[in-house]
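Undergrad: The structure that follows is given in the form of structure tokens.
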Amino acid sequence: MKKKITYFFFLTVFLQFSIYPQQNKSAGIEIIDISRKQIEFMNKVQNEPIEKRNSILIDSIYKPDSYLWNGYLGSETDFINWLNNTAYEELGSYNLKAKEIDLSILNEYFFETVREMEKFTGNKSSGKWYIFFGPKWTNLGGFDDGTMLIDLAHDSNKSLDDIKIFFPHEINHQIYSGTTEQKDNAVLYRILDEGFACYVSYLFHNGKTKIAEELNFTEDEYNSCIENEKELIALLKKNYKSDSEKLSDNFANRSYKFSEKFPGAVGYYIGFRIVDEFVKRNGKDSWKKIYNMSPEKVLRKSKILK
């Protein structure tokens, strides 16, 4: 049974190339890169009889990291079906992407960003990251336990620059999850978690990005939220006390629209605005207090519902 995947933002890869999976740690962050091993084995056995090929890849790729594959893709049968029907057809693009993206440089940049974010926020980050070539269901996602997934095969994972911009956002998720426990109001927690990550990333980039970029919206989508903000705040007021995981996901799902007036994932915008109003009312550096405040208190002090 696949684990629930929480879809976050954009992103992609990092780590050193090696025949075997790399496990790199920096403080509380661990990165497990199986992408190179995956490519090495797939190229090596591609001309073997299918049954032999499948057996080798199950033993060398699936079983050693079954937690990842079972949670993201499914059973051994699902893995084999994906390999034979999709992955081998795309192996050429995997090889090309592996050459174009220098994982060692990205790995170095990632850990540098971890250190900078910890200094910037005053809090430590923790969590595990997997890097691999998969079925492209998400460019970046995560399991319920905070484990992050980077599927390099996804079309949006094209270059180092495309990837690096989202590091602060995702690192902030792992910082926030370590300082603020979700107890009640799942909807509000998710909205604030996403919006806060966008807000901190925007500050971290210090004018190099636009708010729309941080929200992963087009300018038109961002403007539609501004134009219909009263309705979005009403939507927040109606639902923020809910513990429904489905509703929580809808606020962060880019394929789900509460209204044709709004883009998907309106929770990002609403959460950003909660934090923005909180800071306006509580001081320039007050955003740092959010790490150790309940979402309900942050919402109340933002006064956005009044």
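Values in this text are rule-based calculations from the coordinates and carry no lab data. Note that the structure is predicted; figures quoted are calculated from it, not measured. Cβ placement follows ideal geometry from the backbone for every residue including glycine, while neighbour counts extend to all protein chains displayed.
Undergrad: For SER75 and ASN206, what is the calculated FRET efficiency with R₀ set at 51 Å and r taken between the beta-carbons, to the nearest 0.05?
TA: 0.65
Undergrad: Need the C-alpha centroid separation for the stretch 240-286 versus the stretch 38-60, integer Å.
TA: 44 Å
Undergrad: Here's something else I'd like to know. Could you size up the charge dipole of the chain around its Cα centre, putting +1 on the beta carbon of Lys and Arg and -1 on that of Asp and Glu, and report it in debye to the nearest 20?
TA: Roughly 1180 debye, rounded to the nearest 20.
Undergrad: Report, in debye and to the nearest 20, how large the dipole of the stretch 165-302 comes out about its Cα centre when Lys and Arg carry +1 and Asp and Glu carry -1 on their Cβ.
TA: Dipole about the Cα centre, nearest 20: 560 debye.
Undergrad: Same structure again: For a quick check of your reading of the filter: which trypsin sites (Lys or Arg not before Pro) in the stretch 108-143 sit in a DSSP loop and have no more than 16 other Cβ atoms within 10 Å?
TA: LYS124, LYS136
Undergrad: Pop a pseudo-label 7 angstrom from the Cα along the beta-carbon direction at both THR86 and LYS119 and give the gap in nm to one decimal.
TA: Roughly 4.1 nm, to one decimal.
Undergrad: Something else: May I ask you to list the trypsin sites (Lys or Arg not before Pro) in the stretch 183-215 that are in a DSSP loop and have at most 13 other Cβ atoms within 10 Å of their Cβ?
TA: Counting only loop positions with at most 13 other Cβ atoms within 10 Å, the trypsin sites (Lys or Arg not before Pro) in the stretch 183-215 are LYS183, LYS208, LYS210.
Undergrad: Please compute the length gained on full extension between SER159 and ASN43, using 0.36 nm multiplied by the number of residues separating them and subtracting their Cα-Cα distance.
TA: Stretched out fully, the SER159 to ASN43 stretch lengthens by 39.5 nm.
Undergrad: Identify, among SER242, TYR256, VAL200, the residue whose Cα sits farthest towards the positive end of the charge dipole of the chain, taking +1 on the Cβ of Lys and Arg and -1 on the Cβ of Asp and Glu, with the dipole about the Cα centre.
TA: SER242
Undergrad: What aspartates and glutamates could a cross-link reach from LYS37, if we take a straight Cα to Cα line under 12 Å and drop same-chain neighbours fewer than 8 places away?
TA: ASP65
Undergrad: Sticking with this structure for a sec: Contour minus end-to-end for GLU227 and LEU247, with contour as 0.36 nm per residue of separation and end-to-end as the Cα-Cα distance?
TA: So the extension gain works out to 4.9 nm.
Undergrad: Moving to a separate point now. Among LYS241/LYS289; LYS136/LYS306; LYS128/LYS230; LYS63/LYS119; LYS164/LYS246, which pairs are too far apart, with a Cα-Cα distance over 32 Å?
TA: Correct reply: LYS136/LYS306; LYS128/LYS230; LYS63/LYS119.
Undergrad: ASP65 to LYS238: extension gain in nm, 0.36 nm per residue of separation minus the Cα-Cα distance?
TA: Length gained between ASP65 and LYS238: 58.1 nm.
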